[in-house]
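Taking it in order: structure first as structure tokens, then the write-up.
The values are calculated or read from the model by the stated rules, or taken from the named source; none is laboratory data. Not measured: the values here are computed from a predicted model. Every residue, glycine among them, receives a Cβ derived from its backbone with ideal geometry; neighbour counts consider all protein chains shown. Heavy atoms of the whole protein, side chains included, go into the accessibility calculation; ligands, DNA and RNA do not. Shrake-Rupley method; radii C 1.70, N 1.55, O 1.52, S 1.80 Å.
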Amino acid sequence: QVQLVESGGGLVQAGGSLRLSCAASGRTFSMYTMGWFRQAPGKEREFVAAMRRNNGTYHADSVRGRFTISRDNAKNTLYLQMNSLKPEDTAVYYCAAGLGATMFKFEYPYWGQGTQVTVSS
């Protein structure tokens, strides 16, 4: 069982930056692929970025070059550095964990409660 708690969301102007954090419980954090997803009002939850246990990463085309995923296994924490934010990045951002997962929601059995990111124009 893995419990996940996101933090760091908020209101930011277009072009600004935010860093999201996801604190995980348990001793096996380093074994999991950790991912970030987001869901805007009226839209499906979509993949943002993921980092595998070997530190291999995936990024959605819409955020590549602007968002960077990282993890600190000693602190059981996942991060998402978001730069050059756009109004279309506005969404609830969710942290997720899954063994051997990649970019697909069904691969992640563990989810946090989400943190709101709002980007004003």
Pair-distance profile P(r), taking every C-alpha pair of the range 1-58, with 10 angstrom steps and integer %: 18, 45, 31, 7
Rg [Å, one decimal], Dmax [Å, integer] - the range 66-121, C-alpha atoms: 12.8, 38
Charged-residue dipole, Cβ positions (Lys, Arg, Asp, Glu), the chain about Cα centre, Debye nearest 20: 240
Proximal lysines relative to Lys43, as straight alpha-carbon distance under 22 Å, when same-chain residues fewer than 8 apart are discounted: Lys86, Lys105
Accessible area of Lys105 in the full protein assembly, 1.4 Å probe (Å², nearest 10): 80
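What GluC sites (Glu not before Pro) in the range 19-121 are in a loop by DSSP, with at most 13 other Cβ atoms within 10 Å of the Cβ? Please report the intermediate quantities before stating the final value.
Working: sites: Glu44, Glu46, Glu88, Glu107; in loops: Glu44.
Those that pass, being in a loop and sparsely packed, are Glu44.
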